[in-house]
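What follows is a single structure, written as structure tokens, with notes after it.
The values are calculated or read from the model by the stated rules, or taken from the named source; none is laboratory data. Everything numeric in this text was worked out from a predicted model, so none of it was measured. We place every Cβ from the backbone using ideal geometry, glycine too, and count neighbours over all the protein chains shown. Remember, those area values only see protein heavy atoms, side chains included, never the ligands or the DNA or RNA. Shrake-Rupley method; radii C 1.70, N 1.55, O 1.52, S 1.80 Å.
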Amino acid sequence: MVSARKLASVLYKELFYQGYFASRISGLRPMNVSRVVRTARHYKLVMSAMMGFYMGLFGAMQYFIFKMPGPSLFALTLTFSFIMIYSLLINLAFPLQGADNIRGLLATLPLEPGLVRKALTLSLYMTMDLPIYISIAVSVVLSLVVGGVPYPLIGALEGIPLGVIVSMGFILMAERTMKGKVSGNVVRNLSLVLITVLIMLMVYIDNIKPSELNPALSIVPIVSGLFITGLGIPLYVTLMYIALFSALAYVMLRKVSTRLIESIVQVQVVRVKAFRGFRVRSPLMALVRVDLVQSFRSRIAGLWALPISFWLIVFFAMIISGVKLTPMSVLAYVWQMSLVIAFIPFILYTSELRGAVVFRLLPISPIRNLVSKLIVTLIAYYVTVAPMMVMALLYRMPLSLQVPILLAFGPPMAATAVMAILFEKSISEGAMPSILTMFIYGLMVILAEGLPTVSLIVALVLIGGYVIPALVMFAVSMIEFVVALVVLVRLGRH
Amino acid sequence: MGGCALRVEGLVVRYGDKVAVKGLSFVINGGEVYCLLGPNGAGKTSTIKAVLGLVRYEGLIDVLGLGPPSPGVMNSVGVVMESPAVLEALTPREFFEFLGSVRGIFNARRVETLIDAFELRDYLDTPIAALSAGNRQKVAIIAALLHEPRLLLLDEPFNFLDAKSVRVFKEVMRRHVESGGSILFSTHIMEIAERICDRVGILNEGVLITEGTIDEVKERVKAGTLEDAFLKAIHADEEIRAILEGL
């Protein structure tokens with residue numbers, strides 16, 4: 001008789017492979033399947049190690065360099081632990097629903113339902129075991145380094161079950177909405193927006209002084225940790241919440257295991273309309289349309305929320321905190337926004353990986369594909385900065401201020417061309433680049449963004465003003481863009 | 001019909017250390033159905049992928065006299081892949097609209113006819129990701145036929161199709177060839193190959209063992225049916241006999 005642990009280890013490998021491979025399927029078979037399987041298995045280790053490293057680094061910086069109070073470390077480890085668990089589990093949430101092969105196989109084997117459920121619970125736990133160990137280990141080290149109340153450890157212990165609860169919740173929601181056209185997309189986007197909101201929240205909590213908070217908040221979940229000063233009610237309340245969340249996480253884990261075995265995905269009945277012919281006549285516009293539709297329905301559509309989130313921060317800073325609007329503050333916001341917008345081509349190209357083979361079977365050159373992405377990115381940029389341009393005019397700021405705002409499109413433009421190269425390279429590798437390749441890609445995108453930004457800062461310091469530095473940044477971006485274009489043409493397609 | 005629809009010379013396809021296709025050469029003439037037969041892993045799909053430029057290859061490929069595979073050539077080629085090449089985030093309606101715009105087709109009559117022929121109308125607004133395997137295959141087939149290509153590349157195109165759709169598609173293929181079009185067809189189902197193909201090429205472990213008309217191939221290996229000819233050509237007949245005796 002097979003043991004639950006042995007069955008779980010097999011299921012875990014399949015779940016992780018499905019989560020990693022199925023979510024990125026492109027229609028092209030990876031050139032090196034064994035590497036893909038290896039990459040899928042190493043993904044957990046690399047992600048956990050990376051997040052653990054940043055958790056430790058940020059914690060140390062916060063404490064030693066920025067001299068932040070101990071409770072801010074509670075917020076940091078809570079958020080990091082949450083994201084570590086959540087980002088790994090959410091990766092499985094949507095592909096899991098399509099993993100009929102696992103369900104089908106389990107149903108045909110002579111196994112007790114109780115054993116299968118236990119094995120599935122275990123295999124789900126195995127997908128997050130390493131992040132749990134690493135986050136606890138890092139938070140223990142941070143607690144020892146900082147001394148006194150172990151804020152980092154308490155934060156991690158609260159963040160881990162919360163991560164499990166929320167991701168299990170999304171898995172259950174995904175299971176209900178998988179075949180729904182609108183609801184499925186809403187759930188997918190919500191799951192990604194959550195990370196953005198959490199990061200914003202972390203930045204906000206980091207700046208909170210616990211002494212200025214209303215003492216009544218000391219019994220509120222999560223916030224209670226900020227009030228711990230030693231043995232006392234806030235500590236006991238927080239420990240009670242940790243126990244409560246852990247129990248709930250276990251219940252959710254069991255519930256998901258049961259649902260995964262029992263669920264039968266129903267195809268939604270939809271209203272049928274007549275085929276009205278081909279409405280978009282320009283091939284380029286058709287590409288733009290498909291880019292938008294695909295990206296909004298993709299797993300990373302939530303990243304479209306980044307510019308909106310950024311504006312929320314800006315307006316929060318301006319209206320609530322009363323920051324005065326000056327030409328330089330307008331430009332600072334616009335330049336930051338320009339960096340945020342550089343995520344748009346990433347969203348567009350990454351969404352396209354799934355159907356990459358279709359694009360290669362059509363008369364679409366990499367350059368035409370790039371032009372389509374540039375149009376979307378350009379529209380996104382100018383729509384986003386338009387309120388700033390209007391505000392600058394309303395505040396009677398110099399008209400010359402409009403020039404750097406218009407030119408700050410440079411870095412996103414260069415990033416788009418760099419993403420085009422990465423996309424073509426990914427396709428030639430079977431749309432399944434290795435972790436090392438992804439790391440190099442990441443570095444290239446950072447460089448594409450970083451060089452114009454560095455040139456802007458240097459020009460601001462050396463020359464002053466804002467029109468010339470903006471021109472310098474734009475010129476550097478254009479050089480990058482042209483170089484990337486040459487590489488793209490050389491890469492060719494066939 | 002005259003003219004060369006596809007010329008492949010000395011084709012080599014490698015996946016790392018593994019050589020999937022080893023120096024394959026064949027020609028498909030206009031108005032001809034050429035069938036690549038072979039066991040699983042023989043190199044049929046790799047050959048089609050090379051013709052489409054989806055994998056790196058060595059050797060010469062000339063599609064419709066227009067040169068090697070390139071975005072420009074793709075407007076004259078229709079493809080049904082082993083796994084349907086579709087954009088799953090779109091609905092069939094959105095997908096067909098996209099293809100029509102990119103390929104410059106603005107007459108909706110053809111797509112309307114194909115949608116009805118393959119009984120896909122009820123699923124036009126369902127995301128492709130939510131369709132059954134058979135309906136996804138139908139979407140891929142319509143996508144391949146939409147622009148009335150001169151060369152059709154079909155890799156196991158009858159996968160998941162119901163009997164009615166198989167019959168419709170066979171008729172569509174027949175009419176395509178009658179109008180001067182050509183087809184490169186890959187399958188491991190001998191009955192279908194015997195009924196549809198003008199010439200066959202038998203591939204095994206990346207090497208073309210034999211090729212010719214069905215009668216020529218049968219004659220060459222002294223077999224009564226294409227299935228027997230195929231099994232003899234890849235030396236599987238003795239192996240099967242031994243397996244059956246062991247059962």
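Looking at the structure I just gave you, is residue A:400 modelled with pLDDT of 85 or more and polar (S, T, N, Q)? Criteria met by residue A:400. Note on region A:449-468: among residues that are surrounded by fewer than 14 Cβ atoms within 10 Å (Cβ to Cβ) and not in a helix (DSSP H, G or I), the one that is modelled with the highest pLDDT is A:463. For residue B:26, the conditions (1) surrounded by fewer than 21 Cβ atoms within 10 Å (Cβ to Cβ); (2) in contact with a Cys (Cβ under 9 Å, 6 or more places away or on another chain); (3) within 17 Å of residue B:197 (Cα to Cα) all hold with the exception of (2).
Does region B:146-154 include one or more residues that are facing chain A (nearest Cβ under 7 Å), under 22 Å from the mean Cα position of the chain (by Cα), closer than 28 Å to residue B:32 by Cα and not in a loop (DSSP other than H, G, I, E, B)?
no
Residue check: residue B:17 meets all listed conditions (1) touching a residue at least 40 places away in the same chain (Cβ under 8 Å); (2) within 13 Å of another protein chain (Cβ to nearest Cβ) but one, namely (1).
Of everything in region B:146-205 that is in contact with a Phe, Trp or Tyr (Cβ under 6 Å, 6 or more places away or on another chain) and open to solvent by 20 Å² or more (accessible area, probe 1.4 Å), the residue that is nearest to residue B:5 (Cα to Cα) is B:199.
Are there any helices (runs of 4 or more DSSP H) wholly within region A:351-428 with 3 or more residues that are buried (at least 16 other Cβ atoms within 10 Å of the Cβ) and within 14 Å of chain B (Cβ to nearest Cβ), and if so which? So that I can check it myself, show each step before the final result.
On the way: elements: A:356-360, A:366-394, A:402-407, A:410-428.
Correct list: A:356-360, A:366-394, A:410-428.
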